[in-house]
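What follows is a single structure, written as structure tokens, with notes after it.
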Amino acid sequence: MSRAASLLLSLIFFRGAACAEMREWTDQAGRKFTAEIIAIDAWRATFVLPDQGKAVLGLAQLSPADVDFVAKWRAANPTVPLVDPQRLAPWPGEAAPADIGVKLKTEDPKASAFVYEGAHFIMQSDVSLPLDVVRDLNGVFEATRAALMALPLGLHRGGEKEKHAVHFFSTPEQYTAAGGMTASGGHFQGSTGRMLLLLPNLGIRATGFARTYDHQKNLFIVKHEVTHQLLMRWGNAFPVWFAEGIAEVIAATPYARGRYTFSGMDAAIAAYVQKWRSPGDTKPLHLIPPAQLMEFTMSSWEKRVVGQSAYELYNSAALFVYFLLLHDGDASAIPGFLDALRRERNRPRAVIATSGFRMVSGQPMSEFVKKATSDFIRRGRSDEKLTADFSAFVKKLGLRVVFEAPPPR
């Protein structure tokens, strides 16, 4: 047990009188404490202690009976928060799934249909792939799911009722015919819930009568797209700058053999936004000021992607979201923003219909999202001040940048 966890348990055990809404809990050592649970994600629970404020405790520290109670309580209360933005746990050092194994479920060479299955993903390919290659890709899928559940942001709680669908395509023609976006190597289809991946762009391509498998260096494409797929429960609640930014942050996070590592993130994000630069290229990166970045809609973003002019968009979103996550004040901006979106989405539909909260792709930011952005992202800062704070952070990463407003859309 960590020193922090031991101190937390010591705090819990020296408790005051229980309140009516309080419940008695037991830890793994049999020690009891009284608290009210107010949030629960896949790793941890947030409690209110009598006269002692809020505390976060890992589920692994609770008794099996209490873990079972927590699971049933979450099932009975699906709209309760995953985290409390006012009392956040630190980021974990790493995240890995319990199982990344795959099996060949069905194959039909005449129909060019090969189906593979993992713990939470089912994958279909138009060409036969070695199981170890499919396992490599499924390792990214499963590890990304584990990472999103492990981060104390309230992004994903698990408990999927169906497996996520992934389709691999061996040619650009088949990829675009299925709905893949032109000039992209991967695409999450929000309308179908499928993730589409173009194998040649991952380094898996036919060479004469053989096939080469040079996919390890291109896993960032997979990491990005599977993040979109895993967060589809949010629908279109996310503004595009955040949806793409969080996917880029995950893509930049160090990963190896089914495991994400969250140490060394500053260096990782700095290297990631320079991945396409030639050795010796010292020109400054072009970034979009935060105020203009947050005005992009899904349709205007996609136009830049199709026109192959989205490089600075992705870099700007990656750095800005990472800044908000870990380097902007007490790092509560994104958890608070997400909690506000979650609460609005959980309101009855009749109320949402009159609240100005829009969930249609391509529409301007709703009044509610604008207010949440003002409350949690801007926090009273002018456009100039927000850009100055962001710029100072980027310079600390050792990056030379130039801020330029995008051309009129």
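I'd like the full set of residues that are in contact with a Phe, Trp or Tyr (Cβ under 9 Å, 6 or more places away or on another chain) and under 20 Å from residue 302 (Cβ atoms), limited to the range 187-199. Please lay out each step first, then the result.
Our first condition is that a residue be in contact with a Phe, Trp or Tyr (Cβ under 9 Å, 6 or more places away or on another chain); within the range 187-199, this holds for 187, 194-199.
Across the range 187-199, the qualifying residues are 187, 194, 195, 196, 197, 198.
Conditions tested, residue by residue: (1) within 18 Å of residue 92 (Cα to Cα); (2) surrounded by fewer than 19 Cβ atoms within 10 Å (Cβ to Cβ); (3) in contact with a strand residue (DSSP E or B) (Cβ under 6 Å, 6 or more places away or on another chain).
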{"site": "239", "(1), (2), (3)": "no, no, no"}
{"site": "263", "(1), (2), (3)": "yes, yes, no"}
{"site": "273", "(1), (2), (3)": "no, no, no"}
{"site": "281", "(1), (2), (3)": "no, yes, no"}
{"site": "297", "(1), (2), (3)": "no, yes, no"}
{"site": "305", "(1), (2), (3)": "no, yes, no"}
{"site": "324", "(1), (2), (3)": "yes, no, no"}
{"site": "337", "(1), (2), (3)": "no, no, no"}
Of the conditions (1) surrounded by 12 or more Cβ atoms within 10 Å (Cβ to Cβ); (2) over 22 Å from the mean Cα position of the chain (by Cα); (3) at pLDDT 95 or above, residue 390 satisfies every one except a single condition; which number is it?
(2)
If you check 119, 143, which single one turns out to be under 18 Å from the mean Cα position of the chain (by Cα), outside the structural domain of residue 262 (by TED's automatic domain parsing) and either assigned to a loop (DSSP other than H, G, I, E, B) or aliphatic (A, V, I, L, M) (or both)?
143
Say we look at the range 259-308 and pick out the residues that are among the small types (Gly, Ala, Ser) and either modelled with pLDDT of 95 or more or part of a helix (DSSP H, G or I) (or both); which of these is farthest from residue 391 (Cα to Cα)?
299
Return only the number of the condition from (1) assigned to a strand (DSSP E or B); (2) out of contact with any Asp or Glu (no Cβ under 7 Å at 6 or more places or on another chain) that residue 105 does not satisfy.
(2)
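Taking the options 137, 219, 155, name whichever one is surrounded by 16 or more Cβ atoms within 10 Å (Cβ to Cβ) and not in a helix (DSSP H, G or I).
Only one candidate passes the filter, namely 155.
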Being modelled with pLDDT under 95, over 30 Å from residue 74 (Cα atoms) and not assigned by TED's automatic domain parsing to the domain that holds residue 55 is true for just one of 180, 158. Which residue is that?
180
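The values are calculated or read from the model by the stated rules, or taken from the named source; none is laboratory data. Note that the structure is predicted; figures quoted are calculated from it, not measured. Don't worry about glycine lacking a Cβ; one is built from the backbone with ideal geometry, like all the others, and counts go over all protein chains shown.
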